[in-house]
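Notes follow the structure.
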Amino acid sequence: MSSSAEPVDVVLVGGGIMSATLATLLSELEPTWRIEVVERLDAVAAESTDAWNNAGTGHAALCELNYTPERADGSIDIAKAVTINEQFALSLELWDHLRAAGRLPDDGFRSPVPHLTFVRGERDVDYLRRRHAALTAHPRFAHLRFTDDPGTIAEWAPLVMEQRHPDEPVAATRADDGLDVDFGALTRHLVADLQARGATVRLQHEVRRIRRRRDGTWRLHLVDRAWNASPRRTTLDARFVFIGAGGGALRLLQSSGIDEIKGYGGFPISGQFLRTTDPALVGRHRAKVYGKAAVGSPPMSVPHLDTRVVGGTPALLFGPYAGWSMKFLKHGTWMDLVRTIRPSNLVPLVAVALHNLDLLKYLVTEVLATREARMRTLRGFMPSARERSWEMITAGQRVQVIKRGRGGGVLEFGTELVTAADGSIAGLLGASPGASTAASAMLDLLRRCFPDRYAGWRPELERMMPSLAGPAGTAADADAPHADPDLGTRDPAEPGAADAGPADAGSAHADAADADAADPGPAATRPAGRRPSRPSPPRRRDTPVA
Ligand SMILES: Cc1cc2nc3c(=O)[nH]c(=O)nc-3n(C[C@H](O)[C@H](O)[C@H](O)COP(=O)(O)OP(=O)(O)OC[C@H]3O[C@@H](n4cnc5c(N)ncnc54)[C@H](O)[C@@H]3O)c2cc1C
C-alpha cells in the first residue's frame, strides 16, 4: 500500500459535472491549491452526467410544469421557477466566463432548442393559461408565448399535433431561448482544462473508505480497478474532500463517520428513454416539449419529447420511464442498496417503505410495462409514433434521499448537501441535484464549507458570474437553496399542491442556508495539520440537521 506524503488541498471523489464545476471554481479562486479528482470508471462523466444518461435540458423553468404549482385558491406560485431560472443563469455566466478566458471551447456542448410546454384537456389548458399569465408578469418570463390554437402548435411542434384528434383541447407555451446541453461534453472540457492547469485526475481508482486522521485531514483508501488480478490499494490524504460521487456519495459519507450523515438512506430509481435518430422524424422536431406527469406518479416522471444534440448529431428522446434496481450507480452493483443499510437508518428505511406503497406500486407497474404500453405513452405525446423508429436506452440512476422524519422516515425527491461540522468534508446526496444548477450548488458548498474565505472570494466570483452582484437574498446571491430542476412538486394541477410545498428539492439545504444567514456561528477553529493558506474549516451552523 502506498500513500502520498503531503496531503493534497482538495480531493474530489467522482468525475461528474459537480466535481468538475467545484474544481473549476477552486482553480480560479486558489490557483496554488493542489487539486485531485478520483474517478472509479475509465473516463470522467460516464454516470448521470453522460449525455445519454440524462435529458440534457438546460433547466431554466421555461417549460417544466412542476416548478409552478397551483395554490389552493387557484393562483400560481412562480417562486420556484424564478429561483431555477436565476440558478441556471449562473451556470450560463460561468460557462461564458470560461469561454472568454479560453478555458472552454466555443460551445459544441450547448445547442439552442426552444422549450415548450404542451397540455391536453380543458382543465390543463386553463391551468396553462393562468400559469402563462402569472409567469409573464415576471421580467424573466415576459417573452413566454401562449397559444391554444392547434395550428400554431402544429407549427411549433408538428410531430406533437400530427394525427391528433381535432376536437381535443390543447395548449402550449414556447420560449425560444431554451437550451439542450451535453453535460458530458461540458464536463470533459472542464476536466481537460483542469488538467492543463495542473490538477491530477486518477481514473479507474475507486474510493472505498474515508477516515479522519488525528490532525483533522482525511485519508482516502483507494483501489486501482485497472489492476484486475490483484487489486492494488493505495491511500491519498486531503485537507478538504468533496464527495461528488452521485449514487456513491451516501456510502462514502457513511464511511467518513461524520455524525451529520446518520439516519440517511437511499432509494434507487432507474430510468429509460426512447430514442430515435430517424432523419425523417429528427428533421421535423426542434424543441423540448414538456408535458404533465400522470396523477400519482413521482415528480421525476414528467414526460417530454426532446431534441438532443450529442456530438453535433441531433436525435429525439422521449421519456423518462421509471424502473427499479438495487444499484446506486448505473455501473454499480446489486449490493449497493444493502451496503448502505445501517442501524441508524433502518427505521427511516422501513417507515418509507410502509408509507410509500403508492410509489412502489407505480414503480412495479412501470417495470412490468410492455414495450407496447410504453409506445402508448409516447403516442399520447406524438400520435403518429411507430415502434420501429424508436429504441429503448437506459438512463442514469437516481438515488432518492431517505431521512428521519414524520412517521419515522421521509422520502425526498430533492437533493441535500451534507457537510461535516468543520466543513472539511462535504457530499451531495439525492436524486441528482440537476446538472443545470451545478454552479449554484457548488457556490453554496463554497459558502458553507469555506465561510472564512468566502467574503474574500466574492469579488472574483462576481467577476465570473456577474449576477452574483445582484440584490441580496435572490437565488443569484447563492444564498437561496438550489433545487433539483429535474424534480419538483406534486402534480401542479392538483388542488393545494403549492401548499404542500415542493417535493422538498433542497429542503434541508434551504434550512441550513437560512440558519447560516441568520447566525454566522462561532469563529472557525483550524484543525491541526492545516496550513493557514489552505482550506480551512467552516462554522458549525452550516451543517444541516441530520
Ligand atoms: C434520467 C435522468 C435525467 C436527467 N435529466 C437532467 C436534465 O435534463 N437536466 C439536468 O440539468 N439534469 C438532469 N439530470 C440530473 C443530472 O444528470 C445530474 O444532476 C448530474 O449529472 C449529477 O452529476 P454528479 O457529478 O453529481 O454525479 P455523476 O455524474 O453521477 O458523477 C458521479 C461520479 O462519481 C463516480 N464515483 C462514484 N463512486 C465513486 C467512488 N467510490 N470512487 C470514485 N469515483 C466514484 C462515478 O463513477 C461518477 O463518474 C438527470 C438525471 C437522470 C438520472
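Around Arg110, which amide H atoms from residues at least 5 apart in sequence, or from another chain, sit under 5 Å from its own amide H, with H modelled in the peptide plane?
When sequence neighbours closer than 5 places are left aside, the close amide H contacts are Asp182.
Excluding same-chain residues fewer than 8 positions from Lys292, which aspartates and glutamates have a Cα within less than 12 Å of its Cα?
Answer for Lys292, where 12 Å is the Cα cut-off: Glu64, Asp124, Asp491, Glu494, listed by chain and number.
Could you work out the local net charge near Thr24, counting Lys and Arg as +1, Asp and Glu as -1, over the other residues with Cβ closer than 10 Å to its Cβ?
Once positives and negatives cancel, what remains is 0.
So who's got an amide H within less than 5 Å of the one on Arg213, skipping anything under 5 residues away but keeping other chains? H placed 1.01 Å off N, in plane.
Trp218, Arg219
Can you return the lysines within cross-link range of Lys288? Criterion is Cα-Cα under 26 Å, with same-chain partners fewer than 8 residues away left out.
In chain and number order, the partners are Lys80, Lys330.
Would you tally the net charge around Ala420, using a Cβ to Cβ cut-off of less than 9 Å, leaving Ala420 out, and scoring K and R as +1, D and E as -1?
My count for the surroundings of Ala420 gives -2.
Using the basic label-point model (7 angstrom from Cα toward the beta carbon), what is the Asp42 to Arg123 distance in nanometres?
Label at Asp42, label at Arg123, 5.2 nm between them.
Mind giving me the FRET efficiency for Arg209 and Ser384? R0 is 56 Å, r the Cβ-Cβ distance, nearest 0.05 is fine.
The value I calculate is 0.55.
Could you put Arg388, Arg110 in order, starting from the residue whose Cβ has the fewest other Cβ atoms within 10 Å?
Ordered from fewest to most neighbouring Cβ atoms within 10 Å, Arg388, Arg110 come out as Arg388, Arg110.
When the chain is fully extended, how far beyond the present Cα-Cα distance does Ala192 get from Ala133, taking 0.36 nm per residue of separation?
Length gained between Ala192 and Ala133: 16.8 nm.
Just subtract the alpha-carbon distance of His165 and Ala294 from 0.36 nm times their residue separation and send over the number in nm, one decimal.
Full extension of this stretch gives 44.4 nm more.
For the stretch 108-258, what is the Kirkwood hydrodynamic radius in Å, using each pair of distinct C-alpha atoms?
20.6 Å
Given the convex hull over the Cα atoms of the stretch 36-191, what projected area results after averaging over all orientations, in nm²?
That works out to 11.9 nm².
Could you rank the peptides 246-257, 153-164, 376-387, 354-365 by their average count of other C-beta atoms within 10 Å per residue, with the highest value first?
Ranked from most to least packed, the peptides come out as 246-257, 153-164, 376-387, 354-365.
Once label points are set 7 Å from the Cα along Cα→Cβ at both Glu372 and Leu357, what is their separation, rounded to one decimal in nm?
Between Glu372 and Leu357, the simple spin-label model gives 3.0 nm.
Less than 15 Å from a label point 7 Å out along the Cα-to-Cβ axis of Arg225: which backbone N atoms in the stretch 9-41 qualify, by residue?
13-16, 38-41
No value in this document is a laboratory result; all are computed from the given coordinates. Treat the numbers as computed from the prediction; the structure is a model and nothing was measured. Please note: Cβ atoms are built from the backbone with ideal geometry, for glycine as well, and neighbour counts cover all protein chains shown.
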